[in-house]
1. Give the stretch 98-117 a look and list any residue that's surrounded by 13 or more Cβ atoms within 10 Å (Cβ to Cβ), at pLDDT 75 or above and assigned to a loop (DSSP other than H, G, I, E, B), or say none.
2. Is there a residue being part of a helix (DSSP H, G or I) and acidic (Asp, Glu) anywhere in the stretch 2-23?
3. Looking at the stretch 35-55, which of the residues that are polar (S, T, N, Q) and surrounded by 14 or more Cβ atoms within 10 Å (Cβ to Cβ) is farthest from residue 151 (Cα to Cα)?
4. Give the residue that is least open to solvent (accessible area, probe 1.4 Å), with candidates limited to residues of the stretch 126-149 that are β-branched (Val, Ile, Thr) and free of Cβ contacts under 8 Å to residues at least 60 places away in the same chain.
5. Which one is least open to solvent (accessible area, probe 1.4 Å), of the residues in the stretch 56-97 that are of a type in the set (S, T, N, Q) and assigned to a helix (DSSP H, G or I)?
Amino acid sequence: SIGTQEKCVEFLLDQLNWTGFKNHDTPQFLSSWKNHYNSWKKFPKNNLLIKYEDLVSDVKKEILKIINYLSNYFEYKISNKEIEEIERNTSFENFKELENVGKFNENTINEITGEKKTFFNLGPHNNWKKILKKESINKIETQFNNEMSELGYL
């Protein structure tokens with residue numbers, strides 16, 4: 001039987017990847033992580049790349065980056081107090097608490113037990129280099145070498 005980690009790696013690599021068929025959701029074609037990422041790069045003037053690691057290391061800087069990007073489309077003034085409120089409201093701890101009280105519906109279901117899986121699990125401690133098996137890391141780095149190098153992961 002294939003393990004959870006192996007399933008996740010296959011999900012990243014699968015070029016024919018779809019989601020959204022359960023619960024009458026709208027189906028979405030995702031393809032592989034590589035194709036998904038590269039498709040966004042084709043529109044350099046209309047996208048903003050926010051990396052998870054950057055959010056963890058300096059969330060305020062990333063919020064200001066988002067505000068600056070949006071200012072290309074409409075005028076918006078924001079106070080330091082509002083930025084601090086955004087930081088609090090979008091913190092891992094706040095999202096985890098919302099999940100704990102049942103206000104987060106994007107959880108997946110354990111196919112064996114039928115229980116909801118925790119979505120907000122490790123947060124800032126989620127370091128793929130420490131968590132993944134060497135075989136998984138090698139497979140990902142081989143398949144996504146150019147993209148990961150471009151993003152500064154390798």
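The values are calculated or read from the model by the stated rules, or taken from the named source; none is laboratory data. Just so we're clear, the structure is a prediction, and the values are computed from it rather than from any experiment. Don't worry about glycine lacking a Cβ; one is built from the backbone with ideal geometry, like all the others, and counts go over all protein chains shown. Side chains are part of the model used for accessible areas, which takes the heavy atoms of the whole protein and leaves out ligands, DNA and RNA. Shrake-Rupley method; radii C 1.70, N 1.55, O 1.52, S 1.80 Å.
1. 104
2. yes
3. So in the stretch 35-55, the residues polar (S, T, N, Q) come out as 35, 38-39, 46-47.
Subsequent filtering for residues that are surrounded by 14 or more Cβ atoms within 10 Å (Cβ to Cβ) retains 35, 38.
Details: 35: 14, 38: 12 Å.
Among those residues, the one meeting the criterion is 35.
4. Taking the stretch 126-149 first, the residues β-branched (Val, Ile, Thr) are 131, 137, 140, 142.
Within this subset, residues satisfying the condition of being free of Cβ contacts under 8 Å to residues at least 60 places away in the same chain are 131, 137, 142.
Working: 131: 80, 137: 18, 142: 102 Å².
Restricting to residues being β-branched (Val, Ile, Thr) and free of Cβ contacts under 8 Å to residues at least 60 places away in the same chain, the top hit is 137.
5. Among those that are of a type in the set (S, T, N, Q) and assigned to a helix (DSSP H, G or I), it is 94.
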